[in-house]
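Just so it is clear, none of the values below were taken in a lab; they were calculated from the coordinates. These numbers were taken from a predicted model, which means no experiment stands behind them. Note that each Cβ is placed from the backbone with ideal geometry, even for glycine, and that neighbours are counted across all protein chains shown.
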Amino acid sequence: MSEMYKKKINREEALKYHSSGRKGKIEVIPSKPCDTQYELSLAYSPGVAEPCRDIAENEELVYEYTAKGNLVGVISNGTAVLGLGNIGASASKPVMEGKGVLFKKFADIDVFDIEVKTQDAEEFINAVANLEPTFGGINLEDIKAPECFYIEQELQRRMQIPVFHDDQHGTAIISGAALLNACEVQGKKLDEITVVVSGAGASAIACSLFYLKLGVKRENVFLCDRKGLVYKGRTEDMSEQKLFFANGDAPATLGDMMHRADVFLGLSAGGLVTKEMVASMPPNPIVFALANPDPEIDYPDAIGVRDDIIVATGRSDYPNQVNNVLGFPYIFRGALDVRAKAINDEMKLAAAYALATLAKQEVPESVARAYGGEETKFGRGYIIPKALDPRVLLFVPPAVAKAAIESGVARKQDFNIEEYKINLQSHQGNAKRFKVSITTGVQRRTAKKRIVLTEGEEPKALRGDEIILEDGIAQPILLGGQARMKRVADSMGIDLSRFETIDIYYSDKCEEYAHILTNKRQRRGMTLGEARKLVMRRNYFGALMVESGDADGLLSGLNLRYDETIRPALEIIGTDKRFSRVAGMYVVITKRGDTLFFADTTVTPNPTAKQLADIAMITAEAAERFKITPRVAMLSFSDFGMSRDPSVLKMREAMEIVKAKRPNLIIDGEMQADSAVWPDKAREQFPFSTIQGNANVLIFPDLNAANIAYKLMIRLGEAEAVGPILIGMNKPIHILERDADVQDIVSMAAICADEAFERENVQTVIV
């Protein structure tokens, strides 16, 4: 078990977490600017009257002009809070706020939490039903049984938006997905298994009903509550829901039933199941001990009894966590995006099957890292995706949306599911949206560029190459020792024969490349013998492949320092003939979605004015390649002649050089950073500025300033960064950071391929 899971939550830390700083866990943040008198008049009176008039004429326009379509009400009366019971509406509020955090974190859905002070079902129903104009959907939470069944049913009947009681359906859907995969691993058929259930509350009943929809037979489900087996003829402590599952004709205990259980489902209380009970189960048993925080039987105890068992719990410190966060955010995401009127059985089943499918996919390195490097491979220890797996967003909402459309509850019928899958990634951050736009662009091109990766033996490089190939981003070429590459690939389940691989030591290109290198460097003292030695280094060999046309671009740097990686590229490929320098650029995407280009962040420590001019022009070209019109600011500690410091003068001189070479480029400086990006200051103090506070290309006076700035933006400004992107080379060469993960490799391959296409098809002319 990973060390990161062994830390126990204590009362003091939990209370401090909720009370420190801004009280609670959520806040409301405006999504539109409201910093000027004009913006205020748009946000409120008189501008707000215009959408009001339109909505009054066509109520559906409320989805266009308000947040309704991305707003869920998390609503409770506090009658069944966690394992605490009926503690009241106010005491339930921390849970409802927490639910809001999860909605936002995992699916970018906004939430208002509402706690209703009533235990009368009809009063509660009326209160919630009258909120329909506010919300796109309703998530009911922590409402006791049996009232919860009636409340949900009645609200869904009265309202034309989705109503979802997570305590019922969330656990049902997630455990249902786990059941599908557990049965596959254990070689069991759904219509043949016997399921013994401990618990008869909302979750247990809902799970049992859902299992029937998956294919389990009703006569094979045995429900046990605190009185024992729910059997035919029993009269004590019965309800309509229990009566439906009455099975058998004689009293029995949970222990009596366990010897029949192919599957045990626990939604009751900790410690109810003994080792002896587990030992009595048929071969290849499945145990879902989902009571929280203490399962019906601890995971170590269960697996200690049987080596043929699959165990799932509700805990994050054990494998196979059945966590409702895998369900409700993504189910609502799909339902909201097609403006569904309800969340029906078809949508719930679609979610379960989508989760089951995802669990069989290769798990990204980033997910394994989030769980302390825990190995995650489909099998007894991994039957359900991890809660922090970002791919759930890409699997569940499309399945739910498609099911909503096909079952007739979606208001949006002309909905392109394939485009939706792509657009969903924007909910994972603005940087993700930027990367997706590049990736989809190269995917749509018929011809694929050949991108050589120098660290072909690295596991994450191999995994990245697999994605690059399968997703149609590029045709990867791997450099490395053939035997080691195959050994690593086999251990990862990757078919190396699908890739073009080159073992440098056995390549018939070595002599040819040695002569090319000699010709390029002979006036710098290079001999043929020295060239032959250098060609045996992967960075040199890869750069020579690009130079000779055997590859269209290169990715390198996982195992070397930046300067060690860039040197061969500069010696062989060289800079773009129009410029004297190359530069490192980061695309910095702010929390509000602004895309900024920072340079030089990686190459030249203290550039001259001429070098800064080149850096400004190549960064502007890079922005244009990403379909963004550049507005370049030459940054300094001084605004427009207020200082004569040499560092200031060099920025001014650099700007003048750029203006002479590219008179049509929007550029200004020298200026302070806030003058470059704050329109109010620019308008008030510098009305003559051509940028007017709307700069998107930021050129820094030196490497220190650029590197510090982008890292502060990430850590303190909650911005996201893509890079470093090497610009100014004569051909597409990009250097990966040493801690780059698989997705970084894939993204940089897409950027490299995109640049190769642009160089082939577009020639930028500098006057």
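Using the alpha-carbon atoms, what tilt in degrees (0 to 90, nearest 10) does helix 166-186 show relative to the longest principal axis of the chain? Around 80 degrees separate the two axes.
Can you compute the charge dipole magnitude of the stretch 583-728 about its Cα centre, using +1 on each Lys and Arg Cβ and -1 on each Asp and Glu Cβ, nothing else charged? Give it in debye, rounded to the nearest 20.
200 debye
Our helix-only sum for the chain, with -39,500 (n - 2.57) per DSSP H run of n ≥ 4 divided by its residues, gives a mean residue ellipticity at 222 nm of -13000 deg cm²/dmol. Over the stretch 392-538, all Cα pairs binned in 5 Å intervals from 0 give whole-percent P(r) values of 2, 8, 13, 12, 12, 13, 12, 8, 7, 5, 3, 2, 2, 1, 0, 0, listed from short to long. Looking at the P(r) of the stretch 277-369, how many percent of alpha-carbon pairs lie beyond 21 Å? It works out to 49 percent of all Cα pairs. Determine the distance separating the Cα centre of the stretch 165-185 from the Cα centre of the stretch 621-656; give it in Å without decimals. Cα centroid to Cα centroid, the span is 57 Å. Charge dipole of the chain (Cα centre as origin; +1 on each Lys and Arg Cβ, -1 on each Asp and Glu Cβ, all else neutral): 1720 debye, rounded to the nearest 20. Relative to the dominant Cα principal axis of the chain, helix 609-625 is inclined by about 40°. Considering the dipole of the chain built from charges on the beta carbon (Lys and Arg +1, Asp and Glu -1) around the Cα centre, which of P162, G136, L726 is farthest to its positive end? The one lying farthest along the dipole's positive direction is L726.
Think of each Lys and Arg Cβ as +1 and each Asp and Glu Cβ as -1; about the Cα centre, that makes the dipole of the stretch 560-604 roughly 160 debye.
May I ask for the net charge around G24, where only other residues with Cβ less than 12 Å from the Cβ of G24 are counted and Lys, Arg are +1 while Asp, Glu are -1?
+1
How big is Rg to Rh over the chain, alpha-carbon atoms, Rh as the Kirkwood inverse-mean-distance radius? My calculation puts Rg/Rh at 1.03. Exposed loop sites, defined as GluC sites (Glu not before Pro) outside DSSP H, G, I, E and B with at most 14 other Cβ atoms within 10 Å, are absent from the longest region of the chain, namely 376-717. Once the Cα atoms are used to define both axes, helix 328-337 deviates from the longest principal axis of the chain by about 70 degrees. DSSP bridge analysis restricted to the chain gives an antiparallel fraction near 25%, rounded to the nearest 5.
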